[in-house]
Every structure is written in C-alpha cells, then in structure tokens.
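The structure appears right after this line, and notes come after that.
The values are calculated or read from the model by the stated rules, or taken from the named source; none is laboratory data. What you are looking at is a predicted structure, and each value in this text was computed from that prediction instead of being measured. Virtual Cβ from ideal backbone geometry, glycine too; neighbours counted across all protein chains shown.
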Amino acid sequence: MGKEATNIVSKEGVRVHILIDELNKLYCDEWLAYIQYMEGAQVASGLPRQSLVAELEEHAAEELDHMKKIAKRIIELGGTPIIEPKAWYKYSGCGYEAPEDPDSRVILQQNLRSERCAINAYNRLIKILAGRDPVTNKMLVKILQEEVEHEQDLEDIETDVKSLNFSKKK
C-alpha cells in the first residue's frame, strides 16, 4: 500500500474505502467483459463473423489490460481486488451477457451494450473524483478513451452490417 498516495487522496476528501469499492466494481466489469468478448469470439457465426471476431479478440486483450491497471491501483490504495469469480457477478455494474445466440449480429449488440455501460461507469467515477485523485483520474480517463474507441469499432461493424442488409434488399 502506498501510504502517501492514500494520504493525498484522503486529504482531498476522497473516502479511500469507497474509492476501492468503486474500482473493484470496474475491476469485476473488466473481467466479465474479457470473458464475454472471448466467448463471443469463439462462438460467433454468420455475417459479420470475421470482422467481429477480430475486434472482440482485440477488445478482450484491452479489457484484460484495463483489469490489470485497476488491480494495481486498488493495491496502491491499500485494497484488494475481488479475486473470487463468483463475486464478479455480484459487484459488477455492467454484468455479463453470455453469447447464447451465436448470431454475430446478436453478439455485436450485446457487446455494444457492454461498451456503453462501461463508458457510463468510467465517466461517472471520473466526475465523482473531479480531479481529487489525479493518479486514478488519469488511469480512468485513459481507459474511458479506449472504451469509447471500442464502441466506435463496434458501431462501424454495425454500420457495415446495415449497409450489407440494405444492398441485399435491392
């Protein structure tokens, strides 16, 4: 635990234990997103399978990186990341949508919902901190930026699917 790091945050009026709880929620979200994207990439079928699988695998790797960064920050603040997978469901704010329907279009929509939830979750915590914890804030802003990029990547695939469906109707 970084005692001075914790002191700085506390002096700014941040309740460290609440911040750790909020970070743990994001940590759980990232684990579940990682699993959701990897599972979706495995079972996806139909159009736009190829582009979607590549995107999901890339996003999964980035979600895993987010999880590691959040875990590191939780530890720096004197906390412990939630290490029990069963607890991830309990603490997650965004949840997990199992890719039970392998249709790539369904998986695409599931993952768009997950990205939008993540964007809102990161944005909410950034607003709560309002510059009172510059280290955590910088990390959250960087992750938020990547989540926004993920949403755009998936929206681009969605646009491609819509244009493909439109051209089939002619």
Residue count, region 1-57, condition within 18 Å of Gly131 (Cα to Cα) and surrounded by 15 or more Cβ atoms within 10 Å (Cβ to Cβ), comes to 11
- Query: Is it true that Ala98 is of a type outside the set (Ser, Thr, Tyr), under 30 Å from Val161 (Cβ atoms), in contact (Cβ under 8 Å) with a residue 24 or more places away in the chain and surrounded by 17 or more Cβ atoms within 10 Å (Cβ to Cβ)?
  - Reply: no
Could you say whether any residue in region 104-111 is small (Gly, Ala, Ser), part of a helix (DSSP H, G or I) and at pLDDT below 95? yes
Expected single match for closer than 11 Å to Leu26 by Cβ and out of contact with any Cys (no Cβ under 7 Å at 6 or more places or on another chain) among Ile107, Ile74, Ile82, Ile119 is Ile74
Considering region 102-120, residues that are buried (at least 21 other Cβ atoms within 10 Å of the Cβ) and of a type in the set (A, V, I, L, M, F, W, C), and then whichever is nearest to Leu23 (Cα to Cα), we arrive at Ala118
The correct count of residues that are within 27 Å of Val14 (Cβ to Cβ) and out of contact with any Leu (no Cβ under 7 Å at 6 or more places or on another chain) in region 96-121 is 4
Out of (1) buried (at least 16 other Cβ atoms within 10 Å of the Cβ); (2) within 19 Å of Lys25 (Cβ to Cβ); (3) of a type in the set (Ser, Thr, Tyr), the one Tyr89 does not meet is (1)
Apart from one, (1) of a type outside the set (Gly, Ala, Ser); (2) in contact with a Gly (Cβ under 9 Å, 6 or more places away or on another chain); (3) assigned to a loop (DSSP other than H, G, I, E, B); (4) under 29 Å from Val16 (Cβ atoms) all hold for Pro99; the odd one out is (4)
Reported set for region 128-141 where residues are free of Cβ contacts under 8 Å to residues at least 12 places away in the same chain and either in contact with a helix residue (DSSP H, G or I) (Cβ under 8 Å, 6 or more places away or on another chain) or farther than 20 Å from Gly13 by Cα (or both) is Gly131, Asn137
Filtering region 118-144 down to residues that are part of a helix (DSSP H, G or I), out of contact with any Gly (no Cβ under 6 Å at 6 or more places or on another chain) and of a type in the set (A, V, I, L, M, F, W, C) yields Ala118, Ile119, Leu125, Ile126, Ile128, Leu129, Val135, Met139, Leu140, Val141, Ile143, Leu144
